[in-house]
Every structure is written in C-alpha cells, then in structure tokens.
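The values are calculated or read from the model by the stated rules, or taken from the named source; none is laboratory data. Given the structure is predicted, the values throughout are model-derived calculations rather than measurements. Because the Cβ atoms are built from the backbone with ideal geometry, glycine has one as well, and the counts that use them run over all protein chains shown. What goes into the accessible areas is simple: the full protein's heavy atoms, side chains included, and nothing from ligands, DNA or RNA. Shrake-Rupley method; radii C 1.70, N 1.55, O 1.52, S 1.80 Å.
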Amino acid sequence: MLKRTILIENKFSITAKNNQLVLKSEIKESTIPIEDIGFLVLDHNEIYLSIPAMNLLVDNNTSIIICGKNHLPNGMFLNLNSHHIQQEIFKNQIEASIPLKKQLWQQTIIEKIKNQGQLLEKITESKNSFSFLASKVLSGDSTNMEGVAAQQYWKYFPQPNLEFDGIKRERYGDYPNNFLNYGYAILRAATARALSGSGLLNTLGIHHKSKYNAFALADDIMEPFRPIVDEKVFEIMQRFSEQELNTAIKSELLQILTRTVYFKDEKSPLMIALQKTSSSLQQCFTGNRKKIKYPVLWSLTDIE
C-alpha cells in the first residue's frame, strides 16, 4: 500500500480518535486514517501533537519529521520495535565482517556513480565518463572514486536560467543548496523508515561511522538515490523563479517519495523500493544474499 505524506505548515492541534488522526485548526477540522500515513512533516512552531497520536503513528511505522527554524527537517521519530525478530537481525548486523561491509559499500558507490552519470546524460544530452569511474570502484571505495565522481558531477551540473554551469555544493550554501538539503532530508527520513521496518539498526552504518550520527546506515543506503532529488531540484529550478523554500516547492520535493523506479521485473514507487532495498540489505547481513537490491532510477526510454 502506498502511504501518504502529510505536510503541516500552520498552527494545528493533532490528536487521535478511533485510529484516525484528527487535525484541528481555528477554521477547520479534518481526519485521516493513521494506517494511510507514511510521513508526517511538521513545520510550524505552534503545532500540538498528542502523545497518544504520536504512539499510534509510530506503531504504524509512520516517520514523524520535525522542521527547524530554517524550515529544513531537523529530526524524526521512528518505531524502535518494527520487526518480529529484531534482536536476531541486530546481532547479524553488529557482527557483520569488515570485508562484507566493504563489499556492500563498493556496491553502493558503484550504483551512486552510475546514477549520477545517467542523470547528467539525461539533462545535458551528452556522454560522460561516469560508467568508467564506476568500474574503478574498489572494495570499500579505498581510492575514493565517490569523491572524484562528485567533483565532476557538480562541476557540470547545469543551472537553468543562470549564465554559468555547475553548482557549488555546500551543506549550508546558497540556492539551490537549500532545495537539495530539503530533498535529501526527506530521502534520509524515508530511507531510515524503510531500514527500521526491516529490523535494521540505523545507528550502525556500513561506511558512515560518526559517533554523533544516529542515522549512519540511512546515510549509507540513500547514496544511490540522491540523483532523484537532484533531478527534481533541476526541474524546480526550470519552473520556479523563487530561490527560497515555500509550500509549493516543498510539496514538489515531497513528490520524490512516490516517484517511479525500476527493478528487473517490476516498477515501484520510491518509498516501496526503499523497503525492497532495505529488506535485501537485511538478507546480506544474514548471508542469504550477496548483493543489495538497488533499483534502476530511470527506464530506458527516460534516458534515451
């Protein structure tokens, strides 16, 4: 079932009744079945969310995303008991060997670089060397081909309506970094939700290791999906003149969660695809698979 993403940017009281989320403002009241909600994005200082409502949302594996003063996602709540054999899965993940983690990271970076190259070809209509770069990724990406590819990727990433090509990618940089950061934060939340649903421990990454990062595994697994955000931001830059986040642009970025991606025998919305990818990673930790199941981001007709 494809879950809904709810964005709330005004003063609301959010409670629960009969497994319905009750949204009440000064001028209206509405209800939404909790089982239909995948993501609840809260972006206002005077939103009230009751504890019973929060517990029901978490029981439903809904990701509750809180935005800060800059209107970018700043934190999230996830279910900590979302799988029936979670302790066993945690054990397998914690005891995973270093060679296995290096192989999984190699697979992840190969997919990321290939996807970056495909997106650049799609929007610039010219060939590039990213397939070659992907073929040079070693176990654990010991030669940092991810960094080499990133430097080329942002150097040649076009900026519509501007006199120069290339984007200076900075976490706290100017436009369009604010759009990219919002999209990446939503992607990170969706990835964390999928990993949690597969019983995996988000804190324990296969490559990211900062002791301050509670979502290291999500930061790992989201990497090949980042070009989906980049593509959406490119489209927004072509259609909107605004350089600040507003409701319309945030709504556009939230659409990445339902964007279609492609597996070998089927196509799937991104939020469902992330569940398939997370499940395959869990199987890699148990020894039942050797490769993470990453989707193809564009059909053949999309990139021709």
Q: In nm, give the distance between the simple-model label positions of ALA248 and LYS28, each being 7 Å from the Cα along the Cα-to-Cβ direction.
A: 1.9
Q: Calculate what fraction, in whole %, of the accessible area of the chain sits on carbon and sulfur atoms when a 1.4 Å probe is rolled over the protein chains.
A: 49
Q. Using the beta-carbon distance between THR15 and GLU95 and R0 = 51 Å, what value does 1/(1 + (r/R0)^6) give for FRET efficiency, to the nearest 0.05?
A. 0.75
**Q.** Label-to-label distance, nm, for residues given as ASN144 and GLU170 (7 Å Cα→Cβ offset)
**A.** 2.0
Q: Mind ranking LYS102, LYS209 by accessible surface for me, highest first, 1.4 Å probe?
A: LYS209, LYS102
Q) Per the Kirkwood definition applied to all pairs of different Cα atoms, how many angstroms is the hydrodynamic radius of the range 225-280? A) 12.5
**Q.** Hull shadow area, averaged, the range 4-77 [alpha-carbon convex hull, nm²]
**A.** 4.4
(Q) Per residue, how large is the accessible surface of the range 85-286? Use a 1.4 angstrom probe and give square angstrom. (A) 46
Q: Please compute P(r) over all alpha-carbon pairs of the range 1-140, binned at 5 Å starting from zero, and give each bin as a whole-number percent.
A: 2, 9, 12, 13, 10, 11, 12, 12, 10, 6, 3, 0
Q.
Before I look further, what does the range 4-77 give for accessible area per residue, probe 1.4 Å, in whole square angstrom?
A. 55
(Q) At 27 angstrom or more along the helix axis (alpha-carbon based) and mean Kyte-Doolittle of -1.0 or higher, what helices does the chain contain? Whole DSSP H runs only. (A) 98-124, 177-197
**Q.** Radius ratio Rg over Rh of the range 158-297, counting only Cα atoms, Kirkwood formula for Rh
**A.** 1.01
